[in-house]
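A short write-up of the structure that comes next.
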Amino acid sequence: MKKNLFSLLFVLFFPLINFAAEKTFLIGMPQDTLANDWRKAQVMDVKRELEKERNVKFIYTDAKGSSSTQLMDALNLVEEGIDALIISPADTALAKPVLEEIYNKGIHVILLTRGVQGDAYSTFISADDYLIAQKALKTLAEATKEEAKILMLKGIPTATTTKKREDGFVSLLSHYPKMHIVASYTANYSRTDAIKVMEEFLMENIEFDSIYAQSDSMAEGARIALKANGYDPKKFHIIGIDYIQDAKIALKNKEQIATFTYPTCGKEGAQAALKLLKGESVPKQITIPSQKVTLKNADSIPTVF
């Protein structure tokens, strides 16, 4: 009888004893800005995935658009005792020595969508920006019958995503002699910045018929500026990247010809961090698939947010 009672108590209380003995892991994410909807969604995707784990605490910060503040936040998180760092560095050159220091302390470093030079990180998770940009140009070539005057709206200059989305697009231009980039403006992946630079561009009276926006937020900003200045966005070939709700509406209104899904990689980043903390191996690079979205399939593909 005593033996049976002991067995019953063991079964009932062992999970509690085991839970108390479990190490609580601390994961930090210094985000460069939460004012950008896509970047905020990235943090929320990480948070949502980590909330499933009972022995994980998640801390995130908002650098409010400052690359140096983002890296200071990362170092502060190290001081708080994080076991893993999830980061999308806004300035790849500035981030390199800081991330090297953190990685060399034995802290797992998970890079999301934006990379750094060298190999001082645990894993880099992203869609293929270069390939997406090439597909964007091919889509534009098809829509314009290989003859276009293109305005390019670029993201944050110091981010690897921006360089790849420009380099991939430009790499195939020589195949289309009647397609030209007539102007290029930095709009920092921001709807507000895109409105401002689009206003400036329109004042230049440069002839154009197409817009390649490196994010759908910038494409939306361009449309807002076009409408405010008496232009109909339907008369321009506008293409973006991300597939946010604004892009879906624009596709259905025929104010954008295409976009490409760009997952936040937040869920995958959280899962990679958990595996690393459990001592499991994770590939050095993980490429997340991207899909082309047009009016034809807009309803069948979920938006990023």
Among 55-62, 110-117, the order from most to least packed when residues are scored by Cβ within 10 Å on average: 110-117, 55-62
Ordering of 122-128, 264-270 by burial proxy (mean other Cβ atoms within 10 Å per residue, highest first): 264-270, 122-128
Counting DSSP beta bridges with both ends in the chain, the antiparallel % (nearest 5): 5 percent
Computed log₁₀ I(q)/I(0) - Debye formula, equal Cα scatterers, no solvent, the chain, q 0.14, 0.15 Å⁻¹: -1.01, -1.11
DSSP beta bridges in the range 129-260 [antiparallel fraction, %, rounded to 5]: 0 percent
In Hz, Karplus ³J(HN,Hα) per residue of the range 53-70 (6.51, -1.76, 1.60; θ = phi - 60°; x = Gly, Pro): 9, 7, 10, 10, 10, 10, 10, 10, 10, 10, 7, 6, x, 9, 5, 5, 5, 4
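Convex hull over the Cα atoms of the range 211-289, averaged projected area in nm²?
Reported value for the Cα convex hull: 6.1 nm².
Which order do the peptides 177-183, 133-139 come out in when sorted by mean C-beta neighbours inside 10 angstrom, highest first? Numbers along the way, then the final one.
On the way: 177-183: 14.3, 133-139: 20.4.
So the peptides 177-183, 133-139, ranked by packing, come out 133-139, 177-183.
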Ranked list, fewest to most other Cβ atoms within 10 Å of each Cβ, for ILE156, ILE195: ILE195, ILE156
The chain, helix-only ellipticity at 222 nm - DSSP H runs n ≥ 4, -39,500 (n - 2.57), divided by all residues, nearest 500: -14000 deg cm²/dmol
Qualifying GluC sites (Glu not before Pro) in the range 75-158, DSSP loop, other Cβ atoms within 10 Å at most 14: GLU80, GLU146, GLU147
Alpha-carbon Debye profile of the range 129-260, log10 I(q)/I(0) at 0.10, 0.11, 0.14, 0.15 Å⁻¹: -0.26, -0.31, -0.52, -0.60
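Throughout, read-outs are computed from the coordinates displayed, never taken from laboratory work. What you are looking at is a predicted structure, and each value in this text was computed from that prediction instead of being measured. Don't worry about glycine lacking a Cβ; one is built from the backbone with ideal geometry, like all the others, and counts go over all protein chains shown.
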